[in-house]
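One structure follows; several queries about it will come next.
A short reminder: the numbers here are calculations on the coordinates, not readings from a lab. Just so we're clear, the structure is a prediction, and the values are computed from it rather than from any experiment. Cβ atoms come from the backbone with ideal geometry, glycine included; neighbour counts cover every protein chain shown.
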Amino acid sequence: MLVYTLRRLLLIIPTLLGVSLVIFAILALSPGDPLAAVVSEEYGNTAEDIERIREQLHLNDPLHVQYFNFLWDALRGDLGTSFRGGSSVLNDILARLPSTIQLAIAGLIATMLLGISAGVLAALFRGGLPDKLTMVFAFVGVSIPSVYAALLLLLIFAVELRWFKVVGDEGLKSLILPALAMALIPAGVLARLTRASMLEVMEEDYVRTARSKGIRESLVTLMHIFRNALIPIVTYLGLLAGSLLSGQVFVENVFGRPGLGRFLVDSISARDYPQIRGGILFVAAGYVFVNLIVDLLYGVIDPRITYE
């Protein structure tokens, strides 16, 4: 397992290099001058002022020099300096990271509670009312984009019923609506996946053997069926956990949360290239590491899995 872990860690390097190169190339080939958004009283607005800023930020260097400088700085923990105000990009990201992690965890918990519960009930009552309701829930879930779900939840529970505040980040209560908005689509997918995985395991011989031994049905369901159906579920949750870090763009903007999603939207709107590069690279690194952890958890869930 140690060799496998080291090999996966080494694979992270070309992955992040590829992400950094693609993002750098896209921004470099984008039309217009990125400093146009920085022209303000703080920096001045004459051609000489803009040229001075370009020299200070090394934007007149050849593209390959700029790219390697960015890589070298990133290896040292420096993701650059924002065009707006000259703040550290890494500090800007870290300031918003707690809000994003809170929402990602809340969204993941909501997805698991809704999706796994619905999928288990659908499998246990195949063809019955719970199964049909789960399929309707899954169809509705995958059909409504998270931004529309966020607006709908906001309209009903914050504007009409006034159970929650419209926007802001004020503790656990403010996480409920954005977490539900983020969970709707993946919960629908997870419900169908859980149902299919459990129905497949139910046909295995060891499940019939366990029942023939007189083991209680609840134990058979928990220890033999659900546990052995976890591998595809955990795989999906691992991919989801990584994507939740970057999938909060619209939800955070709708609910006014100061997280990485809103940070990236503001950076793109202002064409703040260092913030865009640093933010996307940071999210990509988080996605890769989360999936590595999920891969290593497979052996804990199912000891039959070996790492080569």
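Of (1) out of contact with any Gly (no Cβ under 7 Å at 6 or more places or on another chain); (2) part of a helix (DSSP H, G or I); (3) not small (G, A, S), F137 satisfies all except one. Which?
(1)
Shifting gears a bit: For the stretch 182-198, indicate whether the set of residues that are within 21 Å of the chain's Cα centre (by Cα) and more than 27 Å from G127 (Cβ to Cβ) is non-empty. Reasoning before the result, please.
Within the stretch 182-198, the subset within 21 Å of the chain's Cα centre (by Cα) is 182-194.
Going one step further and asking which of them are more than 27 Å from G127 (Cβ to Cβ), we end up with 182.
Checked the stretch 182-198: at least one residue is within 21 Å of the chain's Cα centre (by Cα) and more than 27 Å from G127 (Cβ to Cβ).
Separate question: Suppose the filter is out of contact with any Ser or Thr (no Cβ under 6 Å at 6 or more places or on another chain), touching a residue at least 40 places away in the same chain (Cβ under 8 Å) and more than 18 Å from A122 (Cβ to Cβ); does L175 pass it?
Spelling it out, L175 is indeed out of contact with any Ser or Thr (no Cβ under 6 Å at 6 or more places or on another chain), touching a residue at least 40 places away in the same chain (Cβ under 8 Å) and more than 18 Å from A122 (Cβ to Cβ).
Identify, from the list S82, S143, the residue that is farther than 20 Å from I280 by Cα and of a type in the set (S, T, N, Q). Spell out the reasoning first.
Working: S82 fails: farther than 20 Å from I280 by Cα.
Selected residue: S143, the only one of S82, S143 that is farther than 20 Å from I280 by Cα and of a type in the set (S, T, N, Q).
Which of the residues spanning the stretch 223-266 are of a type in the set (V, I, T) and without any contact (Cβ under 8 Å) to a residue 24 or more places away in the chain?
V249, V265
Sort out which residues of the stretch 96-132 are farther than 30 Å from V283 by Cβ, among the hydrophobic types (A, V, I, L, M, F, W, C) and free of Cβ contacts under 8 Å to residues at least 12 places away in the same chain, and write them in order of number.
Listed by number, the residues that qualify are F125, L129.
Follow-up question, since we're still on this one. Somewhere in the stretch 193-201, is a residue hydrophobic (A, V, I, L, M, F, W, C) and in contact with a Pro (Cβ under 7 Å, 6 or more places away or on another chain)?
Taking every residue of the stretch 193-201 in turn, at least one turns out to be hydrophobic (A, V, I, L, M, F, W, C) and in contact with a Pro (Cβ under 7 Å, 6 or more places away or on another chain).
Then there is this: I'm checking my understanding of the structure. Among residues of the stretch 217-238 that are of a type in the set (G, A, S) and part of a helix (DSSP H, G or I), which one is nearest to the chain's Cα centre (by Cα)? It would help to see each step written out before you state the result.
Keep residues of the stretch 217-238 that are of a type in the set (G, A, S), which gives 218, 229, 238.
Applying the additional criterion that residues be part of a helix (DSSP H, G or I) yields 218, 238.
On the way: S218: 34, G238: 10 Å.
Within the stretch 217-238, the match that is nearest to the chain's Cα centre (by Cα) is G238.
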